[in-house]
Amino acid sequence: MSRGIAEVVTVVVAGVVAFPLYWMVLTALKPESEVVSTDPRPWTLVPTLDSFVRALTVQSFGRYLVNSLVVAGAVVVLSLFVSFLAATALTRFRFRSRTTLLVMLLVVQMVPVEALTIPLFFVMRSVRDVAPAFGLNHLGSLVLVHLAFSLPFAIWMLRGFVAAVPVELEEAATLDGASRFRFLWQVLFPLVAPGLVATSVLSFIHAWNDFLFAKTFIISAAENQTLPLALQVFIKPDQNDWGAIMAGSTLMTIPVLVFFVLVQRRLVAGLAGAVK
């Protein structure tokens, strides 16, 4: 009886979570007359791809897509590399201020993103004078900011995976003649791969869906805008083009789904390990 109730609750929760996605795709497929209708219906008998055509024909849409892929890809690669090394150092080595660093990783995650946007703007404006590639109006600024926000969670999560690897394994590898570098990349890295995948998915989604930082730091360089900013052309003072907005949002979801499908097996293992 209790199992049946749990299954019903699970189905209901899944339906509630999936309904916004269904409505997004449905709106993208509806003709314009049904989208602006005052009597919305959860179906359409005349699906059309006109909204997708309008979304794909936005000037420089391909460039925006590439920019988003570059930013998200760079954030994933850099966050995995840095968080893996940092988690290993915080787990395997004893040094002064180690506990302080761990506490700071937790505190940083409690600060609202909106509260840091303006200070980060001034920081990036100053960085432009020293390293122009990472200043305002450059994709490097987005990579730096997303990396800063992704690392605390990634380090804290990977720390549990690294700690789960027995120290005796490292000692055995050392006795076999393996250097610390070789143990790190040939033994430890594959063992914590599920955790790396789990953190990479979260980092990718965070960077891919970002609008606030892209709007704040990419001010006048239209060629460096990301995909979420491309949807602004459909937001008009008199009437928004909701069909094109939903079509663009649907297209933005596809890379995330593809990335998720590619890593789903290791993602499940990673999340299970995080719970343990």
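Atom-type composition of the exposed protein surface of the chain places 70 percent of the accessible area on carbon and sulfur (1.4 angstrom probe). The GNM of the chain, with springs linking C-alpha atoms under 10 angstrom apart, assigns the highest mean-square fluctuation among 203, 179, 220 to 179. Around the Cα centre of the chain, unit charges on the Cβ atoms of Lys, Arg, Asp and Glu (plus for the first two, minus for the last two) sum to a dipole of about 780 debye.
Taking a Cβ cut-off of under 14 Å around residue 105, the surrounding Lys, Arg, Asp and Glu residues balance to a net charge of +2, with basic ones at +1 and acidic ones at -1. The charge dipole of segment 14-121, taken about the Cα centre with unit charges on the Cβ atoms of Lys, Arg (+1) and Asp, Glu (-1), comes to about 800 debye, rounded to the nearest 20. Over segment 60-116, accessible surface divided per residue gives 57 Å², non-protein components excluded, 1.4 Å probe. In order along segment 114-120, phi translates into HN-Hα couplings of 4, 6, 9, 4, 5, x, 5 Hz, rounded to whole numbers, per the Karplus curve 6.51 cos²θ - 1.76 cosθ + 1.60 with θ = phi - 60° and x for Gly and Pro.
Taking every pair of Cα atoms in segment 128-276, average 1/r, invert it to obtain the Kirkwood radius, and report Rg/Rh to two decimals. Spell out each step's value before the answer.
Numbers: Rg = 20.5 Å, Rh = 18.3 Å.
Rg/Rh: 1.12.
Across segment 67-78, coupling constants 3J(HN,Hα) worked out from phi with the 6.51/-1.76/1.60 Karplus curve, θ = phi - 60°, read 4, 5, 5, 5, 5, 5, x, 5, 5, 4, 5, 5 Hz, and Gly and Pro carry x.
Taking the chain as a Gaussian network of alpha-carbon nodes connected by springs under 10 Å, the highest mean-square fluctuation of the residues 53, 256, 201 belongs to 53.
With all projection directions averaged, the alpha carbon convex hull of segment 145-217 covers 5.5 nm².
Surface exposure of segment 127-276, expressed per residue as accessible area with a 1.4 Å probe, stands at 52 Å².
When the square roots of the Cα gyration tensor eigenvalues are ordered a ≥ b ≥ c, the ratio a/c for segment 1-126 is 1.5 or more and a/b does not exceed b/c, which makes its shape oblate. Most tightly packed first, judged by the mean number of other beta-carbon atoms within 10 Å of their residues, the peptides 162-168, 140-146 read 140-146, 162-168.
The values are calculated or read from the model by the stated rules, or taken from the named source; none is laboratory data. What you see is a predicted model, and the numbers here were worked out from it, not measured in a lab. Cβ: placed from backbone, ideal geometry, glycine included. Neighbour counts: every protein chain shown. Quick note on the areas: whole protein, heavy atoms, side chains included, nothing else; ligands and nucleic acids left out. Shrake-Rupley method; radii C 1.70, N 1.55, O 1.52, S 1.80 Å.
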